[in-house]
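Notes for the one structure printed next.
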Amino acid sequence: MMNRRFFSFGLAAVTLAGCGGPAMTVSGPTPLPDDLRPTPDAGYDAWVAAFKGRAASRGISQSTLNSAFRSAGFLPGAITRDRNQPESSRTLEDYLSIAVSDERVAKGRANYARYRDILNALEARYGVDATIITAVWGLESFYGERRGSVSVISATSTLAYEGRRGEFFEGQLIAALRILQNGDVTPENMTGSWAGAMGHTQFIPTSYLAYAVDYNGDGRRDIWEDDPSDSLASTASYLARSGWTRGMRWGGEVGYNAPAGTIIQPQAGGPRFSVTSNFRAIKRYNNSDSYAIGVGHLADRIGGAGPLHGSFPPDANGLTKDDRVALQQRLTARGFDTGGADGVLGNKSKAAISAYQTSIGQPATGVGSQALLASLR
Ligand SMILES: [Ca+2]
């Protein structure tokens with residue numbers, strides 16, 4: 001979460017926990033890939049030795065440093081993922097296809113029901129709607145299923161050492177060490193995304209220090225455990241302190257009982273939204289209009305609302321979402337695996353299109369078209 005503009009995680013990547021995209025930042029119960037396990041690196045070791053002096057001067061004890069770095073190390077995969085984040089962002093339509101998928105809505109409704117008591121208590125205490133808290137949880141970690149299992153000390157130290165955003169990540173590393181020093185979590189349990197976002201709602205370490213809450217009263221602010229209550233309370237705390245106004249909607253689709261607000265149209269030809277100051281509070285979590293609309297719309301859906309009323313225009317290749325879904329279904333039926341039929345033509349779909357084009361003697365462009373769709377009928 002947070003300061004994602006540096007990451008363009010976006011459903012882009014992270015945020016689309018569960019999207020299966022190339023830049024996922026959360027890993028969940030699947031085994032760690034080898035490149036996110038510590039690898040010997042002399043340059044990293046020298047950097048850590050120097051860093052320990054700087055950390056000590058900022059109040060980190062030797063025993064904290066020793067235990068934190070005992071099993072930490074250089075993660076080549078953090079650097080490649082950081083460098084390979086997509087430059088271009090998804091269209092709002094593609095973003096919402098993933099962020100507010102039928103599965104994410106259904107699981108959101110189930111978790112909203114399961115944790116209704118605590119969510120309602122949080123709404124009463126912090127003023128943030130229970131459905132909004134649930135939606136943030138859904139986008140950040142697929143309701144806790146994909147919290148990330150990368151060592152946070154390894155991830156933040158690797159990215160601090162690599163240096164492209166070294167100052168930012170050294171700050172996160174110092175914050176992570178303070179968390180360990182406070183005794184909220186052990187080094188082995190302090191896991192998260194390859195970029196150091198932690199727990200059910202993917203707090204970066206500095207945000208944890210500023211906003212995390214011990215809700216269940218066990219004396220530790222534990223956002224890593226299976227019990228999501230501290231994480232959900234921490235998210236409500238963060239939104240409340242980001243300017244959330246109790247009882248105000250985030251916004252809505254213009255023409256369909258939206259609250260008064262600033263009008264935005266993130267995708268030309270697509271739906272327009274009227275957004276309030278609570279929309280801007282969501283953007284403090286992740287500074288992206290698509291993300292904030294994703295949270296708001298997912299919250300509405302969890303609360304029982306239906307899909308958006310407006311439609312989006314055809315994409316640059318003349319295909320509507322229905323066309324793209326049909327293209328994926330027909331390719332799959334012919335044995336070219338698109339990894340599902342969500343209407344989002346990602347890397348797997350592009351590879352399937354290329355393989356199909358090759359099979360019919362056409363240049364493998366990986367780009368769909370009406371002609372290609374028609375050829376599959
Ligand atoms: Ca606790």
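Tabulated data for the structure shown
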read-out	value
Cβ-Cβ FRET estimate between Y256 and N317, R0 fixed at 35 Å, reported to 0.05	0.75
Dipole-positive endmost among N347, T332, A281 within the stretch 276-348 (Cβ charges, Cα centre)	A281
For the stretch 246-274 and the stretch 173-229, distance of Cα centres in Å	34
Of V150, V185, V100, the one that fluctuates the most in a GNM where the chain has Cα springs shorter than 10 Å	V185
Ratio of Rg to Rh over the stretch 181-240 (Cα coordinates, Kirkwood Rh, two decimals)	0.92
Whole-Hz ³J(HN,Hα) from phi, Karplus 6.51 cos²θ - 1.76 cosθ + 1.60, for the stretch 170-186, glycine and proline x	5, x, 5, 5, 4, 5, 4, 5, 5, 4, 5, 5, 6, x, 6, 7, 8
Size of charge dipole - the stretch 92-140 - debye, nearest 20, with Cβ of Lys, Arg +1 and Asp, Glu -1, no other charges	300
Charge context of R272, other residues only, Cβ under 15 angstrom, K/R +1, D/E -1	-3
Trypsin sites (Lys or Arg not before Pro) lying in DSSP loop within the stretch 231-319, provided at most 15 other Cβ fall within 10 Å	R246, R272
Those GluC sites (Glu not before Pro) in the stretch 153-231 that DSSP places in a loop and that have at most 16 other beta carbons within 10 Å	none
Prolate/oblate/rounded label for the stretch 28-160 (Cα gyration tensor, a/c 1.5)	prolate
Sites A106 and K350 - FRET efficiency at Förster radius 45 Å, r taken between beta-carbons, to 0.05	0.95
Cβ-based exposure ranking for D94, D45, in which fewest neighbours within 10 Å come first	D45, D94
Projected-area mean, the chain, by convex hull of Cα positions, square nanometres	19.7
Point-charge dipole on Cβ atoms (K/R +1, D/E -1) for the chain, about Cα centre, debye to 20	540
Hull volume in cubic angstrom per residue (convex hull over the Cα atoms of the stretch 321-375)	64
FRET efficiency estimate (nearest 0.05) - Cβ-Cβ, Q329 to S359, R0 25 angstrom	0.90
Those lysines that a straight Cα-Cα span of less than 20 Å connects to K348, excepting residues fewer than 8 apart in one chain	K321
5 angstrom amide H check on F203, placed H, neighbours 5+ away	M198
Vicinal HN-Hα couplings computed from phi for the stretch 365-377 (Karplus, 6.51 cos²θ - 1.76 cosθ + 1.60; Hz; Gly/Pro x)	8, x, 10, x, 7, 4, 5, 5, 4, 5, 5, 8, 5
Computed helical MRE - 222 nm, the chain, DSSP H runs ≥ 4 contributing -39500 (n - 2.57), nearest 500	-14500 deg cm²/dmol
Beta bridges by DSSP in the chain, antiparallel share as percent, to the nearest 5	100
Burial ranking of peptide ranges 201-207, 36-42 (average Cβ count within 10 Å, highest at the top)	201-207, 36-42
C-alpha center-to-center spacing [the stretch 329-350, the stretch 125-156] in angstrom	29
Most fluctuating residue given options A352, A364, A78, as computed from a GNM of the chain linking Cα atoms under 10 Å	A364
Segment N182-A268, extension gain: residue separation times 0.36 nm, minus the distance between their alpha carbons	26.1 nm
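Every read-out reported here was derived from the displayed coordinates using simple, explicitly stated rules and does not represent laboratory data. Everything numeric in this text was worked out from a predicted model, so none of it was measured. No Cβ is skipped: glycine too gets one built from the backbone with ideal geometry, and neighbour counts run over all protein chains shown.
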